[in-house]
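Step one of this worksheet: look at the structure below.
The values are calculated or read from the model by the stated rules, or taken from the named source; none is laboratory data. Just so it is clear, the structure is predicted and the values come from calculations on it, not from any experiment. Heads up, the Cβs are rebuilt from the backbone with ideal geometry, glycines too, and the neighbour counts pull from every protein chain shown.
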Ligand SMILES: [Ca+2]
Ligand SMILES: [Ca+2]
C-alpha cells in the first residue's frame, strides 16, 4: 500500500472485530478479521473503528459483489459514534456512486457533513443523496469524479488522514488532496442504498510525515551526479559522431 510514498512505517493488518456499526446496514465480519461485508440496500450506514485516527493511513480493497443496484459506497473520516443521527456531527464523507440518478451524478466526491444525514432513521430522501443541507459538497475526484464503480471489480484504496490534510488514492492514483482543519475521529466504511459491498485486506499504518510525504508522488529526477554523467555521455556521443 501507499507505494507512491516514501518513509512509511510498515502497514499491518487491521483487526476489524472491535469496529462498530451505526445505521441499519448488515455488516458481517469475514473470517480473516481484516475484511467486512455489508449486504443490505439500506439507509446510510457506517462501520467504524471508534477511535481517533488522525495521523494514520488506512488501506485495502473495496468491491461491490453484485450487478444489482448502482448506489453509494465509500468512507468517512473523523466520524464519531452516533454521528449519522447527531446535530453535532462534523466529519468528512467520501462517496462513490455507480450510476447517475435523479439528484446526483455517478462518480466519486468528497463532502463535509455537519449534522444528521439520517434523522430518526427514516430520512430516505436524505441530504446524503443530493449533497445538500447537512452535506456540503467540496469537490469531485481527480480521475474518478464522473466515473462510477464497476460491478464485481476490486479497487485498491489508500486514505491518509491528518488534522490538516486528507489524501485518497484509488489503485495508486491520487483522487483527493485537500487541506483544511479537520476534526479527529474514526475511519469508517460507508454505504447508502447499496448492498453486497466487501472491504477486504484492510491495513493500518502511520501517516506519512507531512514534511516528506506531502502528497506529490515522487518523480524520478536525475541527481546532479547522474545528470552530469548523462551530459558527458551526450557530449561524448556528439564528439563520436563528429568523428
Ligand atoms: Ca450495478
Ligand atoms: Ca439502492
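Since residue 87 meets every condition but one in (1) within 25 Å of residue 118 (Cβ to Cβ); (2) away from ligand 2 (no atom under 16 Å from the Cβ); (3) in contact with a strand residue (DSSP E or B) (Cβ under 9 Å, 6 or more places away or on another chain), which condition does it not meet?
(3)
List the number of the failed condition for residue 47; all other conditions in (1) surrounded by fewer than 18 Cβ atoms within 10 Å (Cβ to Cβ); (2) at pLDDT 95 or above; (3) closer than 24 Å to residue 150 by Cβ hold.
Going through (1) surrounded by fewer than 18 Cβ atoms within 10 Å (Cβ to Cβ); (2) at pLDDT 95 or above; (3) closer than 24 Å to residue 150 by Cβ one by one, residue 47 breaks only (1).
Would you call residue 33 surrounded by fewer than 23 Cβ atoms within 10 Å (Cβ to Cβ) and out of contact with any helix residue (DSSP H, G or I) (no Cβ under 7 Å at 6 or more places or on another chain)?
no
The conditions are (1) over 15 Å from the mean Cα position of the chain (by Cα); (2) surrounded by fewer than 15 Cβ atoms within 10 Å (Cβ to Cβ), and residue 118 fails exactly one of them. Which is it?
The one condition residue 118 does not meet is (2).
Please find, within the range 61-80, the residue that is farthest from residue 206 (Cα to Cα) out of those that are more than 16 Å from ligand 2 (Cβ to nearest atom), within 14 Å of the chain's Cα centre (by Cα) and surrounded by fewer than 24 Cβ atoms within 10 Å (Cβ to Cβ).
Selected residue: 63.
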